[in-house]
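First up is the structure itself, then whatever we jot down about it.
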Amino acid sequence: MLFRRVLTHVKDQNWFAVGIDFCIVVVGVVIGIQVSNWNTVRNDTVYYQETMHRLAEESREMIRISEEQAVEVHQRLSTVQAAISILETCSTDENAKAKLELGLNAIRSAYAITPISTALKSLVSDERLLARQTSMQRSIIREYAVTIENITETSSFILSKTGILDVDKHPLVGFYWLNDPAKSLNGVDVRNAMVVAPLAEVCKDLSFKKLFYQWERTHNFLIHLQNTLLEVVSENSKTLGLPLAIVEPSPST
């Protein structure tokens, strides 16, 4: 309709009306572009806020998992160290074999740190999210992501050095009857491991003792890495203003 009106004004050589029509078209286009820009900015803002909210949730989850895992690692480490004590003293009391085999089954599996970093990876790679960050925020988030990645890689390296794959292969290790996986130490092994030689002989086998020392050493380092992860997540969350405590809604009055 507007196009027809413009043609009519041109035919009538009504240049003033043509100018007004042209201004109407230009203003309409400008308003349309501006509205589109506003919508884009609003959508990007919402997207950024949602991603930061997910980062806060992931940070809380990492802290929860790390704290729970730290308790488990300390407990299992105590079991392993009790077995090491038996091997070092060559104890032969009535409970020695049971304690040693408890430690033996403990070192058949290992722990690893697996940080949750989906939102963090998005914040350092998504152009829409990068555009919403200040230069200082980009620097903090980028360093945070690099640190988390380093912790993940270090954890993988530690896991590869635990020696858990060598335990079942050792000539002094045998296996008991079938076990309910749900009742096993790690939910996987269906047979408990056992020592197949007298304790007096077992405690003199350096290769057997090394399996325990290796597990102890790597998991002591893992505890240090867990503490580092907790510090990194807590400090960066505080710097970025992420709420680590879940705020419960106040009861209605």
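Just so it is clear, none of the values below were taken in a lab; they were calculated from the coordinates. The shown structure was predicted, so the numbers you read here are calculated from the model rather than taken from an experiment. Because the Cβ atoms are built from the backbone with ideal geometry, glycine has one as well, and the counts that use them run over all protein chains shown.
Observations, loosely collected:
- Cross-link partners for LYS99 among the aspartates and glutamates, with Cα-Cα distance under 19 Å and sequence neighbours closer than 8 places in the same chain left out: GLU72, GLU88, ASP168, ASP189, GLU201, ASP205, GLU216.
- Couplings for the stretch 138-149, taken from phi via the Karplus curve 6.51 cos²θ - 1.76 cosθ + 1.60 with θ = phi - 60°, read 4, 5, 5, 5, 5, 5, 4, 5, 5, 5, 4, 5 Hz in order; Gly and Pro are left as x.
- Net charge contributed by nearby residues that have their C-beta within less than 14 Å of ASP44 (K/R +1, D/E -1): 0
- Cα gyration tensor category, rounded, prolate or oblate, for the stretch 59-132 with a/c compared to 1.5: prolate
- Highest average packing first - 211-217, 137-143, 67-73, Cβ atoms within 10 Å: 211-217, 137-143, 67-73
- Cα-Cα over 18 Å, subset of LYS161/LYS209; LYS161/LYS204; LYS121/LYS161: LYS161/LYS204; LYS121/LYS161
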